[in-house]
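Worksheet: one structure, shown below.
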Amino acid sequence: MLRIYGSANSRALRVIWMAAELGLQYDHKDWLPRSPETKTTDYLEVNPNARVPSIDDDGFILSESMAINMYLAKKHKSALYPSDPKLEALCWQWSLWETDRLDRQIVDYVRNSVASPPAERKPAVAEAAWLQVAPAFDVLETALAKSPWLAGPAFSVADLNVAGALYRALSIDVSKWRNLDGWLHRCWDRPAAKHARALREQ
Ligand SMILES: N[C@@H](CCC(=O)N[C@@H](CS)C(=O)NCC(=O)O)C(=O)O
């Protein structure tokens, strides 16, 4: 049986989305980041970083949300994982790119501009993050002007991983990036995405 460690209120959101796309049953350890459960000796065996998400797939242990999603989509022979090596490589490219360029930066920006209570916001952190987020959005905008999806002719794990990581961007105005805006909402309009989002926002 598949077990997913991590609350929808964490980067496990994107893994929960993928599990819903694939129609997988799973045991959910609905743990928040930094919760006591993530610091036990047993969990540190699963993820020595004490972070979520992680999975235990019938004894196969894996962490890193992007890798988990690519593994699950490939294992279940989903159309979300392209069989063409070039499209497969584009899924790796976009997932790694997002982790480098946007994953932390978008969280820092949104938390410190709109999400946290005003007294807790750090404008300097928001400003520094925005200096990285805006050019990364430009890169996505250019790619999405050429093709409606990031890796080939259809929605794939590349789109899920990047759009999943951009959950926070749903709460800011990105209409300046017209193609990015349309793509982000197309991705999050999928039933599996709505299911994951509902778990986070319940
Ligand atoms: N690159 C990792 C990041 C995992 C990560 O940072 N998870 C956060 C929650 S979203 C966490 O568990 N943080 C706990 C901590 O920082 O101690 C992934 O994508 O899975």
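The values are calculated or read from the model by the stated rules, or taken from the named source; none is laboratory data. Just so it is clear, the structure is predicted and the values come from calculations on it, not from any experiment. As a convention, Cβ positions derive from the backbone with ideal geometry for all residues, glycine included, and neighbour counts pool all protein chains shown.
Yes/no matrix, rows are residues, columns are (1) in a helix (DSSP H, G or I); (2) under 18 Å from residue 97 (Cα atoms):
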| residue | (1), (2) |
| --- | --- |
| 152 | no, yes |
| 168 | yes, yes |
| 186 | yes, no |
| 198 | yes, no |
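Take residue 106 and tell me if it is within 14 Å of the ligand (Cβ to nearest atom) and touching a Ser or Thr at 6+ places or on another chain (Cβ under 9 Å).
Working: within 14 Å of the ligand (Cβ to nearest atom): yes; touching a Ser or Thr at 6+ places or on another chain (Cβ under 9 Å): no.
When the stated conditions are applied, residue 106 does not pass them.
Please tell me if residue 169 is aliphatic (A, V, I, L, M) and over 19 Å from residue 94 (Cα atoms).
The answer is no for residue 169.
Mind telling me which of the residues 89, 128, 124 ends up being part of a helix (DSSP H, G or I), outside the structural domain of residue 17 (by TED's automatic domain parsing) and either out of contact with any helix residue (DSSP H, G or I) (no Cβ under 9 Å at 6 or more places or on another chain) or among the hydroxyl-bearing types (Ser, Thr, Tyr) (or both)?
Just a single option satisfies the conditions, and that option is 89.
Failed condition for residue 80, given (1) touching a residue at least 24 places away in the same chain (Cβ under 8 Å); (2) over 12 Å from residue 161 (Cα atoms); (3) away from the ligand (no atom under 13 Å from the Cβ), with all others met?
That leaves (2) as the condition not met.
Contact list please: Cβ distance under 7 Å, first residue in region 100-120 and in contact (Cβ under 8 Å) with a residue 40 or more places away in the chain, second residue more than 13 Å from the ligand (Cβ to nearest atom) and of a type in the set (S, T, N, Q), pairs at least six apart or on different chains.
Cβ pairs passing all conditions: 110/171; 114/171; 115/171.
Out of (1) over 24 Å from residue 30 (Cα atoms); (2) free of Cβ contacts under 8 Å to residues at least 12 places away in the same chain, the odd one out for residue 198 is which?
Result: residue 198 passes all but (1).
Residues that are touching a Leu at 6+ places or on another chain (Cβ under 8 Å) and either without any contact (Cβ under 8 Å) to a residue 40 or more places away in the chain or closer than 30 Å to residue 138 by Cα (or both): does region 26-37 have at least one?
yes
Could you grab me the full set of residues in region 124-162 that are of a type in the set (A, V, I, L, M) and touching a residue at least 60 places away in the same chain (Cβ under 8 Å)? Please lay out each step first, then the result.
As a first pass, look at region 124-162 and keep what is of a type in the set (A, V, I, L, M): 124-126, 128-129, 131, 133-134, 136, 139-140, 143-145, 150-151, 154, 157-158, 160, 162.
150, 151, 154, 157, 158, 160, 162 - these are the residues of region 124-162 that are of a type in the set (A, V, I, L, M) and touching a residue at least 60 places away in the same chain (Cβ under 8 Å).
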